[in-house]
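Undergrad: Before we start, here is the structure in question, set down as structure tokens.
The values are calculated or read from the model by the stated rules, or taken from the named source; none is laboratory data. Given the structure is predicted, the values throughout are model-derived calculations rather than measurements. When we count neighbours, we look across all protein chains shown, and the Cβ atoms used for this are built from the backbone with ideal geometry, even at glycine.
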Amino acid sequence: MRQCGLLGEKLSHSYSPQIHTYLGDYAYDLFEKENAAVAAFMTEKPFDAINVTIPYKKTVVPFMDTLSETAQRLGSVNTVVKGEDGRLFGHNTDYYGFSYMLDKSGISPEGKKVLVLGSGGASVTVCAVLRDRGAASVTVISRNGPDNYENLYRHHDAELIVNTTPVGMYPHPGVSPVNLADFPKCLGALDLIYNPDKTAFLLQAEALGIPHENGLSMLVAQAKESAEYFGEKPLPDDLIESTTASLRQRQKNIVLIGMPGSGKSTLARALAEKTGRTFVDADDAIREKAGTSIPEIFEKVGEAGFRAIETEVLSELGMKSGLVLATGGGCVTREENYPLLHQNGTIIWLQRDIKALPTDGRPLSQKGDLAGMYAVRRPLYERFADIRIENRFETENITERVLSLYENSCY
């Protein structure tokens, strides 16, 4: 079996091993190396082929015996193949990956003024593709260059913005490199980040109705072209879409919202068991964080204090991946909880007849006005929800229905 893998400095959160299980029958390992160890690694060549990621895409170039035209043009290598004679061939598949991402997004740069946020290696590739695709102008925004974040006002007429920086990436989500509201002519937003699924930058785009796309399709597309070099055979293009969807299904959280007693925890446990995901009950996490029961939290700090603790817990849980998360019925009453849940999750509103809702152990439900509570919360559930489903089936049946809807939403 051919020995392949990924060379980089920090690789613990890499999706590449998962991706390549869909693309080839070679071994794929992570070669996490400090800068001082890269030269020895590239000289010893303990691989048949490798991908290269941050920060070594330029570092490995001098070790190549030959370069593809794309790699020569970009001065960057992310795919290395060792020939039978031990000579190394370097190629760059990021160009193909970003081109695919553009096509998938449906956002054309042709004739548009484009801003590229960041000046690193990814920026160079993105700029090359944009210019080749006919952008009217491509301006790189960096921290210290002539076009920077202090004089962004000069580019308020930008029509397409591409983020190539790590701002907003896991494990530090929730921040955006720019405020998209400052660009009234913006027609598209692209973010090379793929974890979380929706960065703060893309959540802004969504709220403003701007077409947008994250970097997962680019990651898979560049991996597909790399895999063709690794396995020395062409692969069908539809592998990109199916692999991207499979990854998204595995990585995104399934988040259940709905009135207290609507069956969220029961369904979440069933979904976790069915899919092999981790089940988390937000109320359990709140109890653990506060060190006391929910009725006691309400008694000590009131609803406002409880909601503040709930938001802290959802902030921690929302950035994780592969969870089935049952939320408290009132989480939708704080707007700041929406991006926390939506950034990496598909939010499913579990609906149930008000008359069937139990009230034991639920401080607000015990006040007796469930209909009034629902009247207030219904538009909030509608605002949060990606999917709506009625809980009027046996657990097994509704589990299957929810999974089907969730899987379709990942395409």
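Undergrad: Of the residues Gly258, Gly263, Gly231, Gly318, which is touching a Leu at 6+ places or on another chain (Cβ under 9 Å), within 17 Å of Ile19 (Cα to Cα) and in contact (Cβ under 8 Å) with a residue 12 or more places away in the chain? Working first, answer last.
TA: Working: Gly258 fails: within 17 Å of Ile19 (Cα to Cα); Gly263 fails: within 17 Å of Ile19 (Cα to Cα); Gly318 fails: within 17 Å of Ile19 (Cα to Cα).
Of Gly258, Gly263, Gly231, Gly318, the one residue that is touching a Leu at 6+ places or on another chain (Cβ under 9 Å), within 17 Å of Ile19 (Cα to Cα) and in contact (Cβ under 8 Å) with a residue 12 or more places away in the chain is Gly231.
Undergrad: Now for a separate question. Report, by residue number, each residue of the stretch 79-94 that is within 18 Å of Phe47 (Cβ to Cβ) and not in a loop (DSSP other than H, G, I, E, B).
TA: Thr79, Val80, Val81, Lys82, Leu88, Phe89, Gly90, His91 - these are the residues of the stretch 79-94 that are within 18 Å of Phe47 (Cβ to Cβ) and not in a loop (DSSP other than H, G, I, E, B).
Undergrad: Can you pull out every residue in the stretch 96-110 that is surrounded by fewer than 22 Cβ atoms within 10 Å (Cβ to Cβ) and among the aliphatic types (A, V, I, L, M)?
TA: Correct list: Ile107 only.
Undergrad: Quick one: which residue in Glu225, Glu273 is under 30 Å from Leu67 (Cβ atoms), among the acidic types (Asp, Glu) and either in a helix (DSSP H, G or I) or at pLDDT 95 or above (or both)? Working first, answer last.
TA: Working: Glu273 fails: under 30 Å from Leu67 (Cβ atoms).
Going through Glu225, Glu273 in turn, the sole match is Glu225.
Undergrad: Can you pull out the residues in the stretch 56-74 that are touching a His at 6+ places or on another chain (Cβ under 8 Å) and within 12 Å of Ala128 (Cβ to Cβ)? Break it down stepwise before answering.
TA: Looking only at the stretch 56-74, we keep the residues that are touching a His at 6+ places or on another chain (Cβ under 8 Å), and these are 67-68, 70-71.
Those that are touching a His at 6+ places or on another chain (Cβ under 8 Å) and within 12 Å of Ala128 (Cβ to Cβ): Thr70, Ala71.
Undergrad: Working only within the stretch 313-333, note down all residues that are touching a helix residue (DSSP H, G or I) at 6+ places or on another chain (Cβ under 7 Å) and assigned to a helix (DSSP H, G or I).
TA: Val313, Leu314, Ser315, Leu317, Gly318, Cys331, Val332, Thr333
Undergrad: Tally up the residues in the stretch 79-89 that are surrounded by fewer than 24 Cβ atoms within 10 Å (Cβ to Cβ) and in contact with a helix residue (DSSP H, G or I) (Cβ under 7 Å, 6 or more places away or on another chain), please. Talk me through it step by step, then tell me what you get.
TA: Initially, the stretch 79-89 is screened for residues surrounded by fewer than 24 Cβ atoms within 10 Å (Cβ to Cβ), giving 81-89.
Checking the rest, the ones that are also in contact with a helix residue (DSSP H, G or I) (Cβ under 7 Å, 6 or more places away or on another chain) come to 81, 88.
The qualifying residues number 2.
Undergrad: Here are the criteria: (1) within 21 Å of Glu225 (Cβ to Cβ); (2) in contact with a Ser or Thr (Cβ under 6 Å, 6 or more places away or on another chain). Tell me which single one Val38 does not satisfy.
TA: It fails just one condition, (1).
Undergrad: Please state which one of Ser76, Ser119, Ser68 is touching a residue at least 24 places away in the same chain (Cβ under 8 Å), hydroxyl-bearing (Ser, Thr, Tyr) and not assigned by TED's automatic domain parsing to the domain that holds Asp48. Can you show your working first?
TA: Working: Ser76 fails: not assigned by TED's automatic domain parsing to the domain that holds Asp48; Ser68 fails: not assigned by TED's automatic domain parsing to the domain that holds Asp48.
When all the criteria are applied, what remains is Ser119.
Undergrad: If Ala49 passes every condition in (1) surrounded by fewer than 20 Cβ atoms within 10 Å (Cβ to Cβ); (2) closer than 20 Å to Pro234 by Cα; (3) of a type outside the set (Ser, Thr, Tyr) but one, which one does it miss?
TA: Answer for Ala49: the failing condition is (1).
Undergrad: Something else: Which of the residues belonging to the stretch 252-270 are crowded, with 20+ Cβ neighbours inside 10 Å and in a helix (DSSP H, G or I)?
TA: Selection gives Lys264, Leu267, Ala268, Ala270.
Undergrad: Find all pairs meeting these conditions: Cβ atoms under 8 angstrom apart; at least six residues apart or on different chains; first residue within the stretch 366-381 and at pLDDT below 85; second residue among the polar types (S, T, N, Q).
TA: That search, which allows pairs on different chains as well, returns Gln366/Thr359; Leu370/Thr359.
Undergrad: Being surrounded by fewer than 21 Cβ atoms within 10 Å (Cβ to Cβ), within 21 Å of the chain's Cα centre (by Cα) and either part of a helix (DSSP H, G or I) or not charged (D, E, K, R) (or both), is that true of even one residue in the stretch 129-145?
TA: Scanning the stretch 129-145, I find no residue that is surrounded by fewer than 21 Cβ atoms within 10 Å (Cβ to Cβ), within 21 Å of the chain's Cα centre (by Cα) and either part of a helix (DSSP H, G or I) or not charged (D, E, K, R) (or both), so the answer is no.
Undergrad: Just name the residue that is surrounded by the fewest Cβ atoms within 10 Å (Cβ to Cβ) out of those in the stretch 152-210 that are in contact (Cβ under 8 Å) with a residue 60 or more places away in the chain, assigned to a loop (DSSP other than H, G, I, E, B) and aliphatic (A, V, I, L, M).
TA: So, considering only residues that are in contact (Cβ under 8 Å) with a residue 60 or more places away in the chain, assigned to a loop (DSSP other than H, G, I, E, B) and aliphatic (A, V, I, L, M), the one surrounded by the fewest Cβ atoms within 10 Å (Cβ to Cβ) is Leu187.
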